[in-house]
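K.L.:
First the structure, which I've put down as structure tokens, then a few questions once you've had a look.
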Amino acid sequence: MRISESQIRQVNHQIDALRSADNFYGKKLKEAGVTGITTPEEFESLPFSEKSDLRGAYPLGLMTPPEEKIVRIHSSSGTTGLPVIIPYTAKDVEDWAIMFARCYEFAGITNKDRIQITPGYGLWTAGIGFQAGAERLGAMVIPMGPGNTEKQLQMMQDMESTVLCSTSSYALLLSEEIEKRGIKDKIKLKKGVIGSERWSEKMRARIAESLGIELYDIYGLTEIYGPGIGINCPYNTGMHYWDDYLYIEIIDPKTLKPVPDGEFGEIVITTLVKEGAPLIRYRTHDLSRIIPGECPCGSRFPRLDTIMGRTDDMMKIKGVNVFPSQIEEILQKFPEVSSEYQIRISHLDGKDTMRIYVETNGSVNFLELADRIAAKVKSAIGFTPLVKVVENGLLPRSEKKTKRVIDERYD
Ligand code: ZN
């Protein structure tokens with residue numbers, strides 16, 4: 001999806017604001033000689049920004065308007081090194097709430113709903129984003145924050161919550177507690193709005209079935225407002241995102257060139273109207289693709305596919321970008337194989353080769369199963385892997401994270 005003329009005008013306003021602020025990012029643009037753009041090609045030559053750049057601006061180097069316009073800051077988790085501080089103006093806070101309210105609307109949530117919010121409040125963008133959007137919609141908010149499952153379940157029953165906002169892991173935990181206590185008939189939940197951590201189809205089906213609710217994936221990141229910049233609609237054909245606030249491009253993370261719609265790559269986001277801390281071509285390192293064509297819901301908002309993982313997970317084989325999650329998804333469709341698998345990539349006789357090891361029990365025909373898996377992989381990613389079926393328990397187990405992909409080409 002190429003950048004439109006009106007989006008180019010908006011990007012120029014962002015560039016002007018950054019340059020005249022002469023802040024961390026404004027200086028970078030000046031060093032790169034960027035004064036503005038007139039064509040999509042010029043846009044594609046603008047420098048990228050990275051989380052490590054933003055860390056370098058700590059604490060308030062990203063602040064773009066005069067300080068009296070800043071009403072709040074949020075911060076991304078500082079698990080590695082310094083956190084990133086994002087300043088928000090009153091308009092940014094409002095825009096975020098508008099986008100989040102739109103997310104709820106796309107999920108069919110209305111001002112008659114009672115929304116129980118379990119993500120955390122504070123420096124993190126989660127809880128407060130869910131709340132501001134819900135209030136803007138006019139729904140009743142039950143602002144629980146995380147943990148205290150006993151109290152969560154009590155309020156869920158007493159307040160007759162109809163919508164649960166949570167991470168996928170907490171939704172799973174709550175659904176299991178509800179089953180364990182046999183209180184499902186006292187729960188009035190109809191929908192779940194689930195934060196953007198990657199989760200498998202198996203887990204999704206388990207939560208939806210156990211709670212008897214529809215699930216919606218919400219997308220977002222602290223550097224770009226927070227959660228609420230995209231969500232799937234009831235047709236569940238990818239997440240619609242708000243291109244009146246953001247321009248999203250998908251790039252090949254190796255060549256850094258934009259890829260055509262429909263192809264997988266890294267999500268790169270440019271804010272179009274942000275005041276507190278505009279960002280140009282921000283590399284998220286999240287992998288997805290833009291889904292071409294129109295959604296059956298009729299919305300004009302473009303769609304991103306489910307997040308397939310992070311760029312660090314990507315493998316390039318025979319010129320094709322492949323993610324472990326694509327293979328995992330295919331294997332999940334074979335009930336006869338265990339959850340363990342291993343992918344080995346090697347370079348033999350001048351060609352890349354992918355071998356997939358899977359486990360099963362002795363009651364199936366190994367060769368026939370291998371052929372069926374190979375055929376499914378071929379139809380999904382375009383080339384045939386070598387599939388080796390082994391007895392259950394033969395693949396390595398680990399107490400920590402199991403290494404599932406071994407690339408022998410670079411050993
Ligand atoms: Zn739709």
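The values are calculated or read from the model by the stated rules, or taken from the named source; none is laboratory data. All values derive from a computational prediction rather than experimental measurement. Cβ atoms come from the backbone with ideal geometry, glycine included; neighbour counts cover every protein chain shown. Accessible surface areas use protein heavy atoms only, side chains included; no ligands, DNA or RNA. Shrake-Rupley method; radii C 1.70, N 1.55, O 1.52, S 1.80 Å.
K.L.:
Which one of these is closer than 27 Å to H13 by Cα, aromatic (F, W, Y) and assigned by TED's automatic domain parsing to the domain that holds H285: F106, F130, F100?
P.N.:
Result of the check over F106, F130, F100: F100.
K.L.:
Determine whether V273 is more than 16 Å from the ligand (Cβ to nearest atom), within 24 Å of F43 (Cβ to Cβ) and over 20 Å from the mean Cα position of the chain (by Cα). So that I can check it myself, show each step before the final result.
P.N.:
Values: more than 16 Å from the ligand (Cβ to nearest atom): yes; within 24 Å of F43 (Cβ to Cβ): yes; over 20 Å from the mean Cα position of the chain (by Cα): yes.
For V273, the condition - more than 16 Å from the ligand (Cβ to nearest atom), within 24 Å of F43 (Cβ to Cβ) and over 20 Å from the mean Cα position of the chain (by Cα) - is met.
K.L.:
Here's something else I'd like to know. Would you point out which residue out of P302, P292, P296 is within 16 Å of the ligand (Cβ to nearest atom), farther than 22 Å from A205 by Cα and open to solvent by less than 20 Å² (accessible area, probe 1.4 Å)? Steps first, answer last, please.
P.N.:
On the way: P292 fails: open to solvent by less than 20 Å² (accessible area, probe 1.4 Å); P296 fails: open to solvent by less than 20 Å² (accessible area, probe 1.4 Å).
Every option except P302 fails the conditions.
K.L.:
Do we find that V163 is among the aliphatic types (A, V, I, L, M), over 20 Å from the mean Cα position of the chain (by Cα) and open to solvent by 10 Å² or more (accessible area, probe 1.4 Å) in this structure?
P.N.:
The answer is no for V163.
K.L.:
Another question, then. Counting only residues that are open to solvent by 90 Å² or more (accessible area, probe 1.4 Å), modelled with pLDDT of 90 or more and farther than 15 Å from M156 by Cα, how many does segment 167-207 have?
P.N.:
Final tally of qualifying residues: 1.
K.L.:
Among what's in segment 92-119 and is within 16 Å of the ligand (Cβ to nearest atom) and not in a helix (DSSP H, G or I), pick the residue that is most open to solvent (accessible area, probe 1.4 Å).
P.N.:
Once the filter is applied, the top-ranked residue is G108.
K.L.:
On to the next question. Under 7 Å between Cβ atoms, at least 6 apart or on separate chains: pull out the pairs that start in segment 356-373 with a residue that is open to solvent by less than 10 Å² (accessible area, probe 1.4 Å) and end on any residue that is among the aromatic types (F, W, Y) and in a loop (DSSP other than H, G, I, E, B).
P.N.:
Listed by first residue and then by second, the contacts come to I373/F334.
K.L.:
Something else now. All but one of (1) within 16 Å of the ligand (Cβ to nearest atom); (2) loosely packed, with under 15 Cβ neighbours inside 10 Å; (3) not β-branched (V, I, T) hold for P335; which doesn't?
P.N.:
Single failed check for P335: (1).
K.L.:
Within segment 171-191, track down each residue that is assigned to a helix (DSSP H, G or I), of a type outside the set (A, V, I, L, M, F, W, C) and farther than 18 Å from D113 by Cα.
P.N.:
S175, E176, E177, E179, K180, R181, K184, D185
K.L.:
Might you check whether a residue that is open to solvent by 40 Å² or more (accessible area, probe 1.4 Å) and under 28 Å from P302 (Cβ atoms) occurs anywhere in segment 120-127? Spell out the reasoning first.
P.N.:
As a first pass, look at segment 120-127 and keep what is open to solvent by 40 Å² or more (accessible area, probe 1.4 Å): 121-124.
If we keep only those that are under 28 Å from P302 (Cβ atoms) too, we end up with 124.
Checking segment 120-127: at least one residue is open to solvent by 40 Å² or more (accessible area, probe 1.4 Å) and under 28 Å from P302 (Cβ atoms).
K.L.:
Follow-up question, since we're still on this one. Among the helices (runs of 4 or more DSSP H) contained in segment 1-91, which hold 1 or more residues that are of a type in the set (G, A, S) and open to solvent by 50 Å² or more (accessible area, probe 1.4 Å)? I'd like the intermediate steps shown before the answer.
P.N.:
Numbers: elements: 5-21, 24-31, 40-43, 51-56.
Because the criterion is at least 1 residues that are of a type in the set (G, A, S) and open to solvent by 50 Å² or more (accessible area, probe 1.4 Å), the helices (runs of 4 or more DSSP H) in segment 1-91 that meet it are 5-21, 51-56.
K.L.:
Also: Take the residues in segment 208-250 that are small (G, A, S) and in contact (Cβ under 8 Å) with a residue 60 or more places away in the chain; name whichever of them is surrounded by the fewest Cβ atoms within 10 Å (Cβ to Cβ).
P.N.:
Step by step, filter segment 208-250, then rank; the result is G238.
K.L.:
Also, I was wondering about something else. Select from segment 214-258 the residues that are away from the ligand (no atom under 16 Å from the Cβ) and more than 27 Å from E275 (Cβ to Cβ) and list them in ascending order.
P.N.:
D252, P253, K254, T255, L256, K257
K.L.:
Right, here's the next one. Looking at segment 178-225 only, could you name the residues that are of a type in the set (D, E, K, R) and either outside the structural domain of N236 (by TED's automatic domain parsing) or under 21 Å from H285 (Cβ atoms) (or both)? Let's see the steps before the verdict.
P.N.:
So the first thing to find is which residues in segment 178-225 are of a type in the set (D, E, K, R), and the list is 179-181, 184-186, 188, 190-191, 197-198, 201-202, 204, 206, 209, 214, 217, 223.
E197, R198, D217, E223 - these are the residues of segment 178-225 that are of a type in the set (D, E, K, R) and either outside the structural domain of N236 (by TED's automatic domain parsing) or under 21 Å from H285 (Cβ atoms) (or both).
K.L.:
Here's something else I'd like to know. Taking E266 and the conditions (1) open to solvent by 10 Å² or more (accessible area, probe 1.4 Å); (2) part of a strand (DSSP E or B); (3) of a type outside the set (S, T, N, Q), which numbered condition does it fall short on, given that it satisfies the others?
P.N.:
Status for E266: all satisfied but (1).
K.L.:
Return a yes/no flag: does segment 152-170 have any residue that is part of a loop (DSSP other than H, G, I, E, B) and among the β-branched types (V, I, T).
P.N.:
Initially, segment 152-170 is screened for residues part of a loop (DSSP other than H, G, I, E, B), giving 159-162, 167.
Now narrow it down to the ones that are among the β-branched types (V, I, T): 162, 167.
Yes - at least one qualifying residue is present in segment 152-170.
K.L.:
Quick check on my filter: what residues within segment 376-387 are hydrophobic (A, V, I, L, M, F, W, C), closer than 12 Å to I327 by Cα and open to solvent by 50 Å² or more (accessible area, probe 1.4 Å)?
P.N.:
A380
K.L.:
Here is a follow-up. For K388, all conditions in the list (1) closer than 23 Å to R310 by Cα; (2) without any contact (Cβ under 8 Å) to a residue 40 or more places away in the chain; (3) assigned to a strand (DSSP E or B) hold save one; what is the number of the exception?
P.N.:
Every listed condition holds for K388 apart from (1).
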